[in-house]
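Let me begin by presenting the structure, written as structure tokens, before commenting on it.
The values are calculated or read from the model by the stated rules, or taken from the named source; none is laboratory data. Source: prediction; values computed, not measured. Quick reminder, even Gly has a Cβ in these numbers, built from the backbone with ideal geometry, and neighbours come from all protein chains shown. For the accessible areas, the whole protein counts, side chains as well, though only heavy atoms, and no ligand, DNA or RNA atoms are used. Shrake-Rupley method; radii C 1.70, N 1.55, O 1.52, S 1.80 Å.
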Amino acid sequence: HGDPFAKIKGLIRDLLEKLKKEAGADAEHKAYCDEQMARTQEKMDDLHHTAEKLTAKSDKQRARSATLKEEVAELQRELAEIANSQAEMDKMRKEENTIFLQAKSDLEEGLEGVRIALKVLREHYEGSSLAQQPALPTYHENAGGSATGIIGMLEVIESDLGKSLAEAQMNEDSAAEEYAKLTQENKITSTTKEQDVKYKSEEATALDESVGELTADLKSTQTELDAVLDYMKSLREQCVEKPETYEERSARRQAEIAGLKQALEILNNEAALLQRRGRGLRGVVWEQ
């Protein structure tokens, strides 16, 4: 007699084979998911890190550029103040010099007039020709005394004019020297500040260009990161977001396989028992 459980055993074996294939495919799928998610997570972390570095660098350069531009604006205000101050100094110096030149001209003219008058009077009253003339009447002596007084007054005036001219010249020289000193200081200060403006402006421009490049790199990185995030989302839908985890499915499947193996073993045992009983029955009939 054939095995009465052969058909059932065949179905069990087929089911076991199917479960084993499913377990293999599931394990292969899990290995694929684990590898892809690990690689994708690593790529995400790398892109996040790159984006953070680019953002930090861009923010730092943008802040530095803003500071430089503020410094340039302040330097330009200072340069404008120096230029206005120098223009005012130039105007005052010109006015002072004009006043001095007029005063000098007037003093020199007055001094020249006094000196001419003194020369004439001295030649008239003290020249050698007077010593050869006869004695003058009394009224001439009075006139001579008066002339001496006039000469004395003119000498005082000459001295005062000379002092005023020397003082005016000294004041003019001092003012001119102070003007030249301040003008030179303004030139040096302006040159230094203009160089600062140039270098700071160039640095700010270079930083702005760098920020533009960093922004473009950040945009490209973000685009790549968005694509990786989308891929990670699809992976999670395939690999994670299921009602039953791989471990749960694997445990369930192993339990099913174990149950089917046990059932097959029981059927095998039952079939063997039936076969032995059948042989025993046939022996009994033969002996009768």
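Data overview
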| read-out | value |
| --- | --- |
| Residue in the range 20-32 that is among the hydroxyl-bearing types (Ser, Thr, Tyr) and open to solvent by 90 Å² or more (accessible area, probe 1.4 Å) present | yes |
| Where GLU224 falls short, out of the listed (1) over 30 Å from LYS91 (Cβ atoms); (2) open to solvent by 90 Å² or more (accessible area, probe 1.4 Å); (3) in contact with a helix residue (DSSP H, G or I) (Cβ under 8 Å, 6 or more places away or on another chain) | (2) |
| Any chance LEU16 is within 29 Å of LEU267 (Cα to Cα), crowded, with 16+ Cβ neighbours inside 10 Å and in contact with a helix residue (DSSP H, G or I) (Cβ under 6 Å, 6 or more places away or on another chain) | yes |
| Every pair of residues 6+ apart whose Cβ atoms lie under 6 Å, when the first sits in the range 6-20 and is under 12 Å from LYS261 (Cα atoms) while the second is open to solvent by 50 Å² or more (accessible area, probe 1.4 Å) | LEU19/GLU256 |
| Extreme residue, nearest to LYS219 (Cα to Cα), among residues of the range 35-49 that are touching a residue at least 60 places away in the same chain (Cβ under 8 Å) and open to solvent by 30 Å² or more (accessible area, probe 1.4 Å) | HIS48 |
| Close pairs (6 angstrom Cβ cut-off, 6 or more residues apart or separate chains): closer than 18 Å to THR223 by Cα in the range 50-74, open to solvent by less than 60 Å² (accessible area, probe 1.4 Å) anywhere | THR50/THR221; ALA51/THR221; LEU54/LEU214; LEU54/LEU218; SER58/VAL211; SER58/LEU214 |
| Residue check, GLU247 under 60 Å from the mean Cα position of the chain (by Cα), modelled with pLDDT under 65 and not small (Gly, Ala, Ser) | no |
| Some residue of the range 207-214 being open to solvent by 40 Å² or more (accessible area, probe 1.4 Å) and polar (S, T, N, Q) | no |
| Count of the range 158-202 residues which are closer than 27 Å to LEU118 by Cβ and either open to solvent by 40 Å² or more (accessible area, probe 1.4 Å) or of a type in the set (A, V, I, L, M, F, W, C) (or both) | 13 |
| Some residue of the range 58-80 being closer than 30 Å to GLN169 by Cα and either part of a helix (DSSP H, G or I) or in contact with a Leu (Cβ under 9 Å, 6 or more places away or on another chain) (or both) | no |
